[in-house]
Amino acid sequence: MILKIPLDFTDTFSDCGFTIVDHIEGFFTIHVFFAKNGDPRIEIDTFSLKETVTNPANGMSFTTTNAGPNIITFHKDGSSTLAEIGLVSHIILKGQGEIAAQVGKIVTTFDADGNLIGISFEAGKHDDLLPAICAALA
């Protein structure tokens, strides 16, 4: 099964103590591969998204790219493994350069109920983005 989905989504959040508008646009494509018995075995989601984050009170904003594949492996016991590969976010500000990034590969495992078991592999840079977003837009 292959499903291509366009995305144009705007949301707001106030985790920084002020309102932030988050706009994401682009597309993602879902590829699902099934076992002979019909159960999903692997899902590969490819995406190319542009995210613009704005503080409407002062007009400050920045744009970042989110691109790469996510690969989900479904196990017979109902658990799953998610490999996020690529560029999740890269916050670069004029005059300051890079202030935070999430790029590389991170592999997480979930139990049959979808609860996080843990991280089994991590390579690249995986900064905490929220403090960087708050500082960039304050």
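Descriptive notes on the structure:
The rows are residues; the columns are (1) on the phi > 0 side of the Ramachandran plot; (2) in a strand (DSSP E or B); (3) under 17 Å from the mean Cα position of the chain (by Cα).
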position	(1), (2), (3)
Phe9	no, yes, yes
Gly38	yes, no, no
Thr64	no, yes, yes
Lys76	no, no, no
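For (1) under 21 Å from His126 (Cβ atoms); (2) modelled with pLDDT under 95, each residue gets a yes or a no:
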| site | (1), (2) |
| --- | --- |
| Thr12 | no, no |
| Gly26 | no, no |
| Asn58 | no, no |
| Ile72 | yes, no |
| Ser80 | yes, no |
| Gln96 | yes, yes |
| Ala100 | yes, yes |
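- With respect to the conditions (1) surrounded by 17 or more Cβ atoms within 10 Å (Cβ to Cβ); (2) under 21 Å from Phe13 (Cβ atoms), Glu43 falls short on a single one, namely (2).
- Of all the listed residues (Ile133, Ile92, Ile117, Ile106), the sole one being of a type in the set (A, V, I, L, M) and either at pLDDT below 90 or in contact with a Pro (Cβ under 8 Å, 6 or more places away or on another chain) (or both) is Ile92.
- Among the candidates Asp128, Asp113, residue that is closer than 18 Å to Thr52 by Cα, acidic (Asp, Glu) and either out of contact with any strand residue (DSSP E or B) (no Cβ under 7 Å at 6 or more places or on another chain) or surrounded by 14 or more Cβ atoms within 10 Å (Cβ to Cβ) (or both): Asp128
Okay, residues lined up against (1) in a strand (DSSP E or B); (2) acidic (Asp, Glu); (3) surrounded by 16 or more Cβ atoms within 10 Å (Cβ to Cβ); (4) touching a strand residue (DSSP E or B) at 6+ places or on another chain (Cβ under 9 Å):
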| position | (1), (2), (3), (4) |
| --- | --- |
| Leu87 | yes, no, yes, yes |
| Ala101 | yes, no, yes, yes |
| Gly104 | yes, no, yes, yes |
| Gly118 | yes, no, no, yes |
| Ala123 | yes, no, no, yes |
| Cys134 | no, no, no, yes |
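The values are calculated or read from the model by the stated rules, or taken from the named source; none is laboratory data. Nothing here was measured: the structure is a model prediction, and the numbers come from that model. Cβ sites come from the backbone with ideal geometry, for glycine too, and all protein chains shown count toward neighbours.
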